[in-house]
Amino acid sequence: MKKAAFLFWHLGIGGVGTRLKDIVEFLNKQENTKVKPILLLKENQREIDFPAASTFYFSEKINTGRKFSFFWWLVLKLLSERPIYVVAFLNRFALVAVIYKLLSLLSGRQVKVVINQTVMVSNYLKQYESFYWRWLIRWSFSWADMVVVNSAAIKKELMGKYRLKPQKIKIIRSWVKIARTEKKIKKKYDAMFVGRLSPEKGIDTLLDTAEILRDRKPSLTMAIVGDGDLRDWLLEELEQRNLTKNVDYLGYKKTPRNLLKKAKLLLLPSRNEGLPMVILEAYSVSVPAIVTPFLGADEVVEDKITGLIVARKNFPRQTAKLLQNKNRLQKMSVQAKRKAKEDFSLKNRDRFIEEIFKD
């Protein structure tokens, strides 16, 4: 049986974690499949049970350091498991996959490397990496057999800043599972934010929006779902702004989709994004979204149809205005579900898998 290795941080990370689980579960359900999935992950989140693949963890601890050690652990694991397909999620893992590919070539083995890049590389580098990664990314991506992106904006950046050939890049949209029938439940929250609590997510704008909404509607209810570096700062700000009665901080949830059903509107005031999975999850339960104009926003939000794309300075005012217009909000809810069915169905998952294992 052929082996396919998937490289990532851990299964609890948003869209990539969900995508990875969907792929492996799909492979295991196929009676005639000849592919054995192997997960090579940095951290083990014990609350996530995933027996559908052979899984190896670098560490039992969450947020462990030792990045350099993890890098070589991945290379050695690949050499010992000898997969012929390697799928690397995000740019750092691309370097590992390509090194393994080159070492395999020395021994006469052919390996197919697929990179799934779901965020703007330049934004990622600004936050997490040193300047030399720009050159490492250009080198490693050029050696990959295929780079899969989920937005045209990411493809444009890879072709421009990183000189990647267009024929090597395939745009395959993300996907979301959509229930045929959805039981209607009473909306508990006027608005909801779901995501990592970090500066690039625009948490400051989110709090400004909550204040303005509260002043216009004292009975406002909002929920914030997620965890991150700004958690303690967020809780302090909620106290100082007297928002604790209006805003529920719910922490990290591994299944935010069930919470999104309780919201009228998703708020995403990000400074940069890829193609946020949380928007697709909101659409799947008929919840429209208001977002800031990050690169690629218009690929997921049809402005004034499935939600709004608004400048940061107008974000609070436009949110309040939409929540006051029940008819418009209801029409957007219907269109959001339509968008999920038409553009982000499981057909995208099937195409992703087909491209990986097509020789």
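Between the stretch 95-172 and the stretch 173-187, how many Å separate their Cα centres? Taking the Cα centre of each part, the stretch 95-172 and the stretch 173-187 sit 33 Å apart. Take the Cα of Q240, step 7 Å toward its Cβ, do the same at L76, and the gap between the two points is 4.7 nm. Sorted on the mean count of surrounding Cβ atoms within 10 Å across their residues, most packed first, peptides 133-140, 294-301 read 294-301, 133-140. Which of G108, G274, G17 moves most in a GNM of the chain, Cα contacts under 10 Å? Highest fluctuation of the listed residues: G108. The accessible area of T221, taken with all protein chains in place and a 1.4 Å probe, comes to roughly 40 Å². Taking amide H atoms as placed 1.01 Å from N in the peptide plane, the amide H of L308 lies under 5 Å from those of A289, I290, V291, each 5 or more residues away in sequence or on another chain.
Computed from point charges on the beta carbon alone (+1 for Lys and Arg, -1 for Asp and Glu), the dipole magnitude for the chain about its Cα centre is near 900 Debye.
If the chain linking K156 and Y57 were pulled fully straight, counting 0.36 nm for each residue of separation and taking away their Cα-Cα distance, it would gain 32.2 nm. Put a dot 7 Å past each Cα toward the Cβ at D303 and K184; how far apart are the dots in nm? In this crude label model, K184 to D303 measures out at 3.2 nm.
For the listed residue pairs K29/K304; K3/K170; K3/K347; K177/K326; K201/K339; K36/K341, the alpha carbons are over 32 angstrom apart in K29/K304.
The angle between the Cα long axis of helix 203-216 and the main principal axis of the chain comes to about 20°, on a 0 to 90 degree scale. Potential lengthening of the chain between W139 and N327 amounts to 62.5 nm, from the contour at 0.36 nm per residue minus the alpha-carbon distance.
To the nearest ten degrees, helix 91-106 and the longest principal axis of the Cα atoms of the chain are 10 degrees apart.
Projecting the Cα atoms of P37, G195, V176 onto the charge dipole of the chain (Cβ charges, centred on the Cα centre) puts V176 farthest toward the positive pole. Identify, among P218, Y249, V86, the residue whose Cα sits farthest towards the positive end of the charge dipole of the chain, taking +1 on the Cβ of Lys and Arg and -1 on the Cβ of Asp and Glu, with the dipole about the Cα centre. The Cα lying farthest towards the positive end belongs to V86.
Mind listing the long-range amide H neighbours of S54? Cut-off is under 5 Å, sequence gap 5 or more, other chains count too, H placed in the peptide plane at 1.01 Å from N. The answer is L39. Note on K165: lysines with a C-alpha under 25 Å away, same-chain residues under 8 apart excluded, are K101, K112, K126, K155, K156, K358. Between K42, K101, K326, the GNM of the chain built on Cα springs shorter than 10 angstrom shows K326 fluctuating the most.
Each helix, a run of at least 4 DSSP H residues, gives -39500 (n - 2.57); summed and divided by the residues of the chain, these come to -13000 deg cm²/dmol at 222 nm. Dipole check for the stretch 92-165: with +1 at the C-beta of Lys and Arg, -1 at the C-beta of Asp and Glu, and the Cα centre as origin, the magnitude is about 160 Debye.
The values are calculated or read from the model by the stated rules, or taken from the named source; none is laboratory data. Everything quoted here is computed from the prediction, not taken from an experiment. As a convention, Cβ positions derive from the backbone with ideal geometry for all residues, glycine included, and neighbour counts pool all protein chains shown. Ligands, DNA and RNA are stripped out before the accessible areas are found, and what is left, the full protein with its side chains, is counted by its heavy atoms. Shrake-Rupley method; radii C 1.70, N 1.55, O 1.52, S 1.80 Å.
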